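Undergrad: Okay, here's the structure, questions in a sec.
Read-outs throughout are calculated quantities, based only on the coordinates presented, and are distinct from any laboratory measurement. Only a predicted model underlies this, so the values are computations on that prediction, with no experimental measurement involved. Glycine gets a Cβ as well: all are built from the backbone with ideal geometry, and neighbour counts include every protein chain shown.
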2 protein chains.
Amino acid sequence: MPEATLAAHGARVQARLTALIPGAEGELGRLAEAMAYAVDGGKRVRGALAIETAALCGLSQETGEMVAAAVEAFHAYSLVHDDLPAMDDDDLRRGRPTVHKAYGEDMGILVGDALQALSFEALARIDDPAVVPGGLARAVAGLAGVGGVNGMVGGQWLDLAAERGPRPADPMAHITQIQRLKTGALIRYSASVAAMLSGRDAAPLTGYADAIGLAFQIRDDLLDVEGSPEEVGKATGKDAGRGKATFVELLGPEAARAKAEALVEEAVEALAPFGEEADVLRALARFIVTRRN
Amino acid sequence: MPEATLAAHGARVQARLTALIPGAEGELGRLAEAMAYAVDGGKRVRGALAIETAALCGLSQETGEMVAAAVEAFHAYSLVHDDLPAMDDDDLRRGRPTVHKAYGEDMGILVGDALQALSFEALARIDDPAVVPGGLARAVAGLAGVGGVNGMVGGQWLDLAAERGPRPADPMAHITQIQRLKTGALIRYSASVAAMLSGRDAAPLTGYADAIGLAFQIRDDLLDVEGSPEEVGKATGKDAGRGKATFVELLGPEAARAKAEALVEEAVEALAPFGEEADVLRALARFIVTRRN
C-alpha cells in the first residue's frame, strides 16, 4: 500500500517540479534540462511526508504538493552537491550517472544552486487561506535552517571531516549527530512544515519524523552492506571502504534491524493524536525499514 | 560622500551578517568561520541599495539592514561558487585567497550553499508592520528568481559556455544578456525588494538599478583592462586571457566610458519621483563609474 501511495504522490510532486523549472532555449535550456534530470526519480519519501501532513493540518492539496516540491528540490540539490568530486565523488545516483558525470562538474554545482533557489520559490508560491500570518516566514526560516550549519550543510561537513580525521572518541554519538543534521533535519522539516504554515502544534509530527529519520538512516546503512548497486541505485559497500562508522558496524546487523523496528513503533505511537487519518504516515514508517532501495 | 555612506552601511550589514551566522564549535565552528570569511569585505553596493531603498519605501532601518544582509550573503555565495576550480578557478577575491584556496574545495561548495540558505533566512526574519500581506512571498520568490535559470545561475552558465563555444554571431547582444542575468538581476533585486515588501511601485527603482547594473559591469571591464590586481583585489586581464568579449573590447575604452556615464545620467533621471530623498542613490550611481576596485 505505501508503495502505491508513494508512487501517486511522487507523480504529483514530479508534475509540480516540472512546472516550476522554467522553460528555456539554447544553453539555458540545457541548464533547465539538467535540473529536470536531477529532480527525476527517487522514492519521494520527503514529498509524501509533506503531502500527508499538509492534509492532516487542513492545508489544500495544492499547498501539500508545493511544499512537497520544495522539499524534494531541496533534497535533490543536496544529493547533486554531495555527489561532486570534491565531496563524496559518486558516479551513480538513482540508478543513473550523477549530474556532474552526465553534464559536467560546473553544471553539477550550478544545478544544485538553482534547485536550492527553486525550493524557496515553491514555498513562496503557496497561496492558501489556511496559511496563518507569519506561517510563510516560519516555513522559509525553517528550510533555511535545514540548509545551514545546524542542518544538512553542517552534517555533510562533519561527515567529510570524519573521513579525514581520527576516529571520534564516541563514534555512536558522532554518527547520531551527523544523521540528525545531514538527513534528519530535512525529514523533520518535511513532516512539520505544514504545522508551521497552519499554526498547529508540530510536536507529534516532529516526534514521528525524528524516529523515522533515524530508522531511515539505519536502513540505508543495512542496504549499504547487504544490497547490490543495481538494486539500491547507487554504489554500495562505500562506508566500509571509507572506514566510516555506521549504525550497522557499531550495533551489528541484528541489533541495528531491531533498533529500526523499535523506532518505527515509536513513530507510530507519536501519531496517536491524529487517529486513523494518519494511517498512511504509519504505513510509510513501516515501509522505510523494509524498503530495498 | 558615497564612500563614507557605503562604509557606514557596510558596517551595519556586516554586523547583521555576523549575527545571522550561527555560533558553533569544533568542525561546525570551522564551517561558520569560513562563512564569516566569505562575507567579509567587499564594497557592499548591493547592501547600500537595499538600505537606501528600504528607507525610501517607508520600511524600518532594521528591515533595510536585514534585506541588505540577504543580498550581500547571496552575492557572497555566488562569488564563492563562481571562484571554484570547476567554474572560473580564481585564487584571489577581495584581495585575499578565495574560500576554496583558504579552506578547501569541499568547504567552498558548502559555504556557498549555506550562504544561499542564510539569505532566505534573513528575509524570513523581517518583522515590520510596513510589510504588506504577500510582501514577504514576493520578496522570497524574487530572490529565488535571481538565483535561478533566468538569473545568476543562468548567467554564469552562459558565461562558462561562451568560453568553450564559438564566438556568438552578435557578441554585444550576448554579453548584454550575460550581464543582465549574472550581475544585473541581483542589483535590480537589491534596489527593488523594498518596493515588493512595502507594496509600492518598483518601476523607478528598477529603471535606476538596470542602468547602474550595466554601468557597473562596464566599469568592471575597464578595471580588468586598466587596474592592477593589488588595486582591484582580484586577478585582472582575465577577460582578454580567456578570449571573452567585453564591453570595452567591443566598444573601445573611450566609448565604453561614455556609455557608462550616459547610463549614470539615465539612472539619476529614473529617480526623479523621489526628489532629494534619493540623493544618496544618485551619488552611488556616480561612484559606480569612478570606483577603483
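Undergrad: If you go through segment B:202-223 one residue at a time, how many are surrounded by fewer than 24 Cβ atoms within 10 Å (Cβ to Cβ) and under 20 Å from B:VAL140 (Cβ atoms)?
TA: 2
Undergrad: Take segment B:95-116 and flag every residue that is of a type in the set (S, T, N, Q) and at the interface with chain A (Cβ under 10 Å from one of its Cβ atoms).
TA: Within segment B:95-116, just B:GLN116 meets the criteria.
Undergrad: Report, by residue number, each residue of segment B:166-181 that is under 15 Å from B:PHE216 (Cα atoms) and touching a residue at least 24 places away in the same chain (Cβ under 8 Å).
TA: Residues satisfying the conditions are B:ILE175, B:THR176, B:GLN179, B:ARG180, B:LEU181.
Undergrad: Pick out the one residue from B:VAL39, B:VAL71 that is more than 23 Å from B:PRO204 (Cβ to Cβ) and under 13 Å from the mean Cα position of the chain (by Cα).
TA: After applying the criteria, what remains is B:VAL39.
Undergrad: When segment A:227-277 is examined, which residues are found to be surrounded by 15 or more Cβ atoms within 10 Å (Cβ to Cβ) and at positive phi?
TA: Of everything in segment A:227-277, just one residue is surrounded by 15 or more Cβ atoms within 10 Å (Cβ to Cβ) and at positive phi, namely A:GLY233.
Undergrad: Which members of segment A:93-108 meet the condition of being over 14 Å from A:LEU31 (Cβ atoms) and part of a loop (DSSP other than H, G, I, E, B)?
TA: A:ARG94, A:GLY95, A:THR98
Undergrad: Ok, one more. Being touching a helix residue (DSSP H, G or I) at 6+ places or on another chain (Cβ under 8 Å), outside any helix (DSSP H, G or I) and either farther than 16 Å from A:ILE109 by Cα or at the interface with chain A (Cβ under 10 Å from one of its Cβ atoms) (or both) is the requirement here; does B:VAL149 meet it?
TA: Criteria met by B:VAL149.
Undergrad: Follow-up question, since we're still on this one. Suppose we filter A:ARG257, A:ARG188 for residues that are in a helix (DSSP H, G or I) and within 18 Å of the chain's Cα centre (by Cα); which single one remains?
TA: When all the criteria are applied, what remains is A:ARG188.
Undergrad: Which ones in segment A:124-133 are facing chain B (nearest Cβ under 7 Å) and either touching a Ser or Thr at 6+ places or on another chain (Cβ under 7 Å) or crowded, with 24+ Cβ neighbours inside 10 Å (or both)?
TA: Matches in segment A:124-133: A:ALA124 only.
Undergrad: Could you tell me whether B:LYS43 is of a type in the set (D, E, K, R), touching a Gly at 6+ places or on another chain (Cβ under 9 Å) and part of a loop (DSSP other than H, G, I, E, B)?
TA: For B:LYS43, the condition - of a type in the set (D, E, K, R), touching a Gly at 6+ places or on another chain (Cβ under 9 Å) and part of a loop (DSSP other than H, G, I, E, B) - is met.
Undergrad: Please find, within segment A:13-40, the residue that is nearest to A:ALA211 (Cα to Cα) out of those that are in a helix (DSSP H, G or I) and of a type in the set (Gly, Ala, Ser).
TA: Taking the candidates together, the pick is A:ALA38.
Undergrad: Go through segment A:137-146 and give me each residue that's facing chain B (nearest Cβ under 7 Å) and closer than 8 Å to B:ALA124 by Cα.
TA: A:ALA137, A:VAL140, A:ALA141
Undergrad: If the requirement is being closer than 25 Å to A:VAL232 by Cα, surrounded by fewer than 20 Cβ atoms within 10 Å (Cβ to Cβ), among the small types (Gly, Ala, Ser) and out of contact with any strand residue (DSSP E or B) (no Cβ under 6 Å at 6 or more places or on another chain), which of these qualifies: A:GLY29, A:GLY41, A:GLY23?
TA: Of the residues listed, the single one that is closer than 25 Å to A:VAL232 by Cα, surrounded by fewer than 20 Cβ atoms within 10 Å (Cβ to Cβ), among the small types (Gly, Ala, Ser) and out of contact with any strand residue (DSSP E or B) (no Cβ under 6 Å at 6 or more places or on another chain) is A:GLY41.
Undergrad: Going by the structure shown, is B:LEU197 touching a residue at least 60 places away in the same chain (Cβ under 8 Å) and assigned to a helix (DSSP H, G or I)?
TA: yes
Undergrad: State whether one or more residues within segment B:74-92 are in contact with a helix residue (DSSP H, G or I) (Cβ under 8 Å, 6 or more places away or on another chain), more than 13 Å from every other protein chain (Cβ to nearest Cβ), surrounded by fewer than 23 Cβ atoms within 10 Å (Cβ to Cβ) and outside any loop (DSSP other than H, G, I, E, B).
TA: Yes, there is a match, as at least one residue in segment B:74-92 is in contact with a helix residue (DSSP H, G or I) (Cβ under 8 Å, 6 or more places away or on another chain), more than 13 Å from every other protein chain (Cβ to nearest Cβ), surrounded by fewer than 23 Cβ atoms within 10 Å (Cβ to Cβ) and outside any loop (DSSP other than H, G, I, E, B).
Undergrad: What about A:ALA55, is it surrounded by fewer than 24 Cβ atoms within 10 Å (Cβ to Cβ) and assigned to a helix (DSSP H, G or I)?
TA: Criteria met by A:ALA55.
Undergrad: Moving on. Being under 21 Å from the mean Cα position of the chain (by Cα) and over 23 Å from A:ALA256 (Cα atoms) is the filter; apply it to segment A:152-185 and report the residue that is farthest from the other protein chains (Cβ to nearest Cβ).
TA: The qualifying residue farthest from the other protein chains (Cβ to nearest Cβ) is A:MET152.
Undergrad: Among the residues of segment B:151-165, write down those that are touching a residue at least 12 places away in the same chain (Cβ under 8 Å) and surrounded by fewer than 18 Cβ atoms within 10 Å (Cβ to Cβ).
TA: Passing the criteria: only B:GLU163.
Undergrad: Report yes if B:TYR37 is touching a residue at least 24 places away in the same chain (Cβ under 8 Å), away from every other protein chain (no Cβ under 11 Å) and aromatic (Phe, Trp, Tyr), otherwise no.
TA: It is true that B:TYR37 is touching a residue at least 24 places away in the same chain (Cβ under 8 Å), away from every other protein chain (no Cβ under 11 Å) and aromatic (Phe, Trp, Tyr).
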